[in-house]
Structures are given as structure tokens and as C-alpha cells.
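One structure is given below, encoded as C-alpha cells.
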Amino acid sequence: ELKEEFTRILTANNPHAPQNIVRYSFKERAYKPISYVDQMAIHFSLNGNMILKDSDEGRRQHVRTAAEKAPIETSAVISEEAEIKDEESTGDTQAAGEEEAEGSGTAEGAEAAEAEEPSPAKVKEQKLANQFNFIERASRTLNNPMRERACQSEPTPCKNFSDTANQWEIYDAYVEELQKIERSKEKEKQKGQTARKEEEKKKGKKLTSLESQGDDLTKISKAAKIMERMVNQNTFDDIAQDFKYFEDASDEYRNQQGTLLPLWKFQYAETKRLAVTAISWNPKYKDLFAVGYGSYDFMKQGQGMLLLYTMKNPSFPEYVFSSESGIMCLDFHNNHPSLVAVGFYDGNVAVYNLKKATSQPSYKSGAKSGKHTEPVWQVKWQKDDLDNNLNFFSVSSDGRIVSWTLVKNELVHTDVIKLSVEGTTMQEPEGLQLQILGGGTSFDFHKKIDYLFLVGTEEGKIYKCSKCYSSQFLDVFEAHHMAVDSVSWNPYHLKVFISCSSDWTVKIWDHTIKTPMFVYDLRSAVGDVAWAPYSSTVFAAVTANGKAHVFDLNINKYEALCTQLVVPKKKNKITHIQFNPVYPVVIIGDEQGHITSLKLSPNLRKMPKEKKGQEVKKGPEVEIAKLEKLLNLVREPESKA
């Protein structure tokens, strides 16, 4: 893809030149479009003062400069000749003295002397020093030919109008004007009253960046967002290249082991002291994901935040929502990707609509509308009810699983089931019976069987429940020794689900068998586990010691293919992990409010190899068969027994 060439053709046409200019043709008495449009765009023009040598003015200037130089040269030549004559005269006198002393010489000697007499000295050219250090340079650019354009407008139509104004008409005109002024004042009063009401509603509530944007900013917000993304793409170009094209070639020599390549890191200044409590990818926009911020420490409870990031802009979130209580869970609606259901630490649930430019949720529960009495640990959207109303479920530590329906402008709740702990019915002295409710920590609904769902509890049990029965469980799994942090159905196989717990283990179950199929000890509290969307046998788990573990049961049933330290161990723990539904990327959240995105190496997403002459079968049936084959290996000893 990087080597692909994109040809671009340069043309002399001006893209900004208008193509639809019309002029009035007096000959045809109609407006006609002009066929020729001037494509020239002048970027720079400068008038020079250079003159051509061969032109008349150039020759005149040359003659003038030559005449000025001539008198200076002649004076210099005369002075040189005078000096040479003086030298010759002195030479002659010296020669005469010598002749007198020696006497008369022979004729031959005289002839020889005459022959040896020096020839007159050649005139030396002496350069005069320039008194004024002055250089003149000039340049000239080609002047564009002048073109004249003229246009003639159609004469404006004229009409004569005359009327006589009497006193009554003048009076009526004044009365109409006064009535108009009164009407406009009444409208302004009504607007002022509505504005005051809105201000009173918003008092005490923090405005987000969306609300505080002025009219001017909203006009350019889209362009500014695109510009910001372009700048970020240039800044993080090497990471974007790795995300798109880099495949770790060293995987071939690693004996089926894989690695995680760190990509972008998402962080926001206001969430530094908050932990990542929930992550969810948007079902429509595959680069967009929501992050919930709160705190798992009940001693350090404060405000919470809901941020939405995109991989196109890692430096700043797309949406920011703040809440009075910490957010513990969230979920996107599959058919309405702008709706986000949220569960809070104080037991409330809410629904945010991303299409509305407001920081407040569109729907929120209250003390009167059946809110939970303890933290809400998970929320999940369900299919619309018989009246086509949107609804979602929530599970909480108070033992209630509640269905919330969005009716007009309020949330209507119905209790689906109450989790009671077996053998904990206490007999009071007065004859009253008190039943202790089990605290729900996680749940998941079956992908195909609409009424079936699983609930994980603080006691380590997993209940198989039905929406139809509110008082009984279909089955109980003695799953873990500590709280079940996450439970999730396999996206392909209808019988298989996975669970993880703080007791260091990850277990894979068949819901028709009470014992686990696979058990993995990760030697640290497991915070979250997630199935991969591209394979039925791949899953990832994160532990409190800052490591991420990726398994592929089809390649290795006993050990992880990749165990990698993602965050430093000091005062930090990984809390959540999620696979991207399309790209080979996982995002991991930690207790310091950071989100790290990592790319899976080729060994962690191996697909079946192509054999010569055979087509590779793909699809859910192949994935189901792959996992079923592994489960049969585990089931065989039991069937023999």
C-alpha cells in the first residue's frame, strides 16, 4: 500500500476562476455565458529598469559613458609620457660624461653602441582606483500584455409613481410604526423569560467545552477538528504507520509466542486521580471508544467522568461529561450508537445522548424512581420491548437486577430478579425471617437465547438466570473463592462462557456442565477478561501486577502465548481490557486514568493456513467446530467414566 503511486495531472487552469459568467448580448437581446475565462493568476509583479544593449536608448547610454571615461584616460597617458622623457634626458647626460673621460672611440664601437641603444619604453596601463564604491544592478521581468475588458449592464427599469399624501395617511403610518415597535418589545420579553429559566436550570452545573463554545466557534468547530486530527497524525506519524502496516517479522522465530506493540496512550489532565472503571467500543464508528472514570476505593469517592476518545486524535477526547458520582460501568446501544448507558457508584443509572450538546444525561434515575442502594457494577442494553421502547439492565451489590425502560422523558424500572444467598435466612427472636441478598458484580446476556443470562456475585458464585423467572435460578456454579470480576459468553459457541476473579484464576465453562472445562492460574488478581472478536479460542486477561495475558486454546491449551508488562507495577494496576471489533488492537485501562492501545503481533491472531488446491473455510461454523473439538478432548474422560 505504501508503494502504490497516485498520479496527479497539473493543468494550467485556475481552480478559483469562475466558470459561469454571463454577459448581456445586445445583438441577441439575451444573457449569454462567456466561453473564454481568464485562467491567469498573477502572484508577483515588479517594474525593472534594465535596457537592452541593441536598442537605441542602450547605444546612446553606451556612447555617453564612453565619452565620460575618455578625458580621464588621456590625462593619465600624458603624465606617463612626461615621466618617461625625464628619465631619457638624465640618461643622455650620463652617457656624455663617460665619452669625455674615455676619449674618442672607434667607429665600430659607435655603431655597436647605436645598435644597443634601448628602444623607447612601452606605455603601461594604470588602473585608477574607484573613488566611489558604487555598484548598480537591475533586473527586469516580462510585463504581461495589457488586456482590456468591458461590460455593459442592462439599463435598470424605471417607473413613475405619484401620490398625494394627506393628513390622515400620515397619521395612519405613524400608528402602524408604533404598533410594530410594541410587538418587537413583547417578543424580546418572552425570549428573556425563557433564557432566565434555562440559566436557573444550569446553575450549579459545570459547563463542558460543548456548551461553552460560542457562536463563532461552532461555525469553525468542524474545520478545527479536522485540522487538529491532521496535526496529530503528523505528530504521531510513526505510530500511525505501525498501526497500519507494521507486522513483527520476529514472530517466525518465537515458537508460536507473540507480543503486544504499544501504540497511542490516551490521557486527560482532569482524570489523573481517577481510575479507569469501564471501557466500551462504539458499534458504528470502530475508532471511537468510551471510557468511564471513578474509583474502586470506597474511602476515596468523588466525582466521575465519561470521556470518548478516537484513535484519530489521541491528544484530546472528542466528548467530555462530568458527573457528581464515580462512573462504574457503561455500554453503547447497538442500533443507536449515540446512546450510552452508565451506572454510578451511588446506585443511579443514566443515559447520555451524544447528539445533544449538553453535559447532562438525557435520562437519569433518582431515589423515587427505584435506584440501587449500592454501586452499579454493570449495565447492558437489551432488545426493545413490545412497545418499541429502549431498555437496558443493571446489576448492583444490593442483589437486584433491574430492567430500565426509556419512556418519554423518564426511566421506568422493574425488578427482574433478587439474588438471595442460599442458607442465609436468619430467624429473629420475634419470629421474623431476614433473607440476606447476594451482591451481583457482573452479568452477561446470551447472544442468541434472549431470556438467558449469567450473573457473577461477590461470593464467587455464578447464577444462570432467566428473565421469565424472578424468584428461581436455572443453575448455580460454584465458580470462584472470591468475587467474580467478569463473566462473558463466547461470541461464537452458544454453550461456552468465561469468568475471572480476584482469586487469580480464569475459568472456561460449558453452561450444561457444572465443572469448568479449563482453569488458568495467573498468579495475581484478575481484573478483567475478554473474548477476541475474530476467533472463538482467543481471549485476553489483565492482572493486578500490570501484566496482560493473551491465550489461544487452539495453539496452546496450557499457557498464554503472550504475557507482557503493560504498566509499571508501582502504585498502579490494570483494571480493564477490550478488543477492537475490527482492527488487531486491544485497549487497556489502569488505576491512574491512562488508556494504552496495543497491537497484537501475527502469532496472536493466527488464521488457518491455506493448503494447495483447498479453500480455507471461514465463518462462525468453522470457529464453533474449532472450540467444540477442544471441548471434546476435555469431556472424553468424563464420558468414559
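The values are calculated or read from the model by the stated rules, or taken from the named source; none is laboratory data. This one's a predicted model, so the numbers in the text were calculated from it and none came from an experiment. Heads up, the Cβs are rebuilt from the backbone with ideal geometry, glycines too, and the neighbour counts pull from every protein chain shown. With ligands, DNA and RNA removed, areas are computed over all heavy atoms of the protein, side chains included. Shrake-Rupley method; radii C 1.70, N 1.55, O 1.52, S 1.80 Å.
Give me the residue from segment 193-233 that is within 17 Å of VAL320 (Cβ to Cβ) and open to solvent by 80 Å² or more (accessible area, probe 1.4 Å) and, out of that set, modelled with the highest pLDDT. The selected residue is LYS225.
Scanning segment 2-59 for residues that are over 24 Å from THR141 (Cα atoms), open to solvent by less than 70 Å² (accessible area, probe 1.4 Å) and either modelled with pLDDT under 90 or out of contact with any Ser or Thr (no Cβ under 9 Å at 6 or more places or on another chain) (or both) gives ALA17, PRO18, ILE21, SER25, ALA30, ILE34, VAL37. Within segment 330-353, residues that are in contact (Cβ under 8 Å) with a residue 24 or more places away in the chain and among the polar types (S, T, N, Q) have Cβ atoms under 9 Å from residues that are open to solvent by 30 Å² or more (accessible area, probe 1.4 Å) and not in a loop (DSSP other than H, G, I, E, B) in these pairs: ASN348/LYS364, counting only partners at least 6 apart in sequence or on another chain. Scanning segment 539-558 for residues that are among the aliphatic types (A, V, I, L, M), crowded, with 19+ Cβ neighbours inside 10 Å and assigned to a loop (DSSP other than H, G, I, E, B) yields a single hit, LEU553.
Just one residue in the set GLY431, GLY423 is part of a strand (DSSP E or B), at pLDDT below 85, more than 20 Å from THR512 (Cα to Cα) and small (Gly, Ala, Ser); that residue is GLY423. Just to be sure, is ALA240 surrounded by 15 or more Cβ atoms within 10 Å (Cβ to Cβ) and free of Cβ contacts under 8 Å to residues at least 24 places away in the same chain? Yes: the conditions hold for ALA240.
Among the residues of segment 441-498, write down those that are among the β-branched types (Val, Ile, Thr) and open to solvent by 10 Å² or more (accessible area, probe 1.4 Å).
Here is the first cut: in segment 441-498, the residues among the β-branched types (Val, Ile, Thr) are 441, 449, 455, 457, 462, 476, 484, 487, 496, 498.
Residues satisfying the conditions are THR441, ILE449, VAL476.
I'd like to check something: does segment 257-270 contain any residue that is modelled with pLDDT of 85 or more and in a helix (DSSP H, G or I)? Yes: segment 257-270 contains one or more residues that are modelled with pLDDT of 85 or more and in a helix (DSSP H, G or I).
The criterion of at least 1 residues that are surrounded by fewer than 22 Cβ atoms within 10 Å (Cβ to Cβ) and of a type in the set (S, T, N, Q) is met by the following strands (runs of 3 or more DSSP E) wholly inside segment 299-415: 304-310, 319-323, 349-353, 376-382, 391-396, 400-407. Under the condition of being open to solvent by less than 60 Å² (accessible area, probe 1.4 Å) and over 22 Å from LEU553 (Cα atoms), the residues counted in segment 251-264 number 2. Pairs are defined by a Cβ separation below 7 Å, a sequence spacing of at least 6 or placement on different chains, a first member in segment 213-234 that is more than 14 Å from ALA357 (Cα to Cα), and a second member that is open to solvent by 80 Å² or more (accessible area, probe 1.4 Å) and modelled with pLDDT of 85 or more; the pairs so defined are ARG229/LYS312.
The lone criterion from (1) among the polar types (S, T, N, Q); (2) open to solvent by less than 20 Å² (accessible area, probe 1.4 Å); (3) assigned to a loop (DSSP other than H, G, I, E, B) left unmet by THR515 is number (2).
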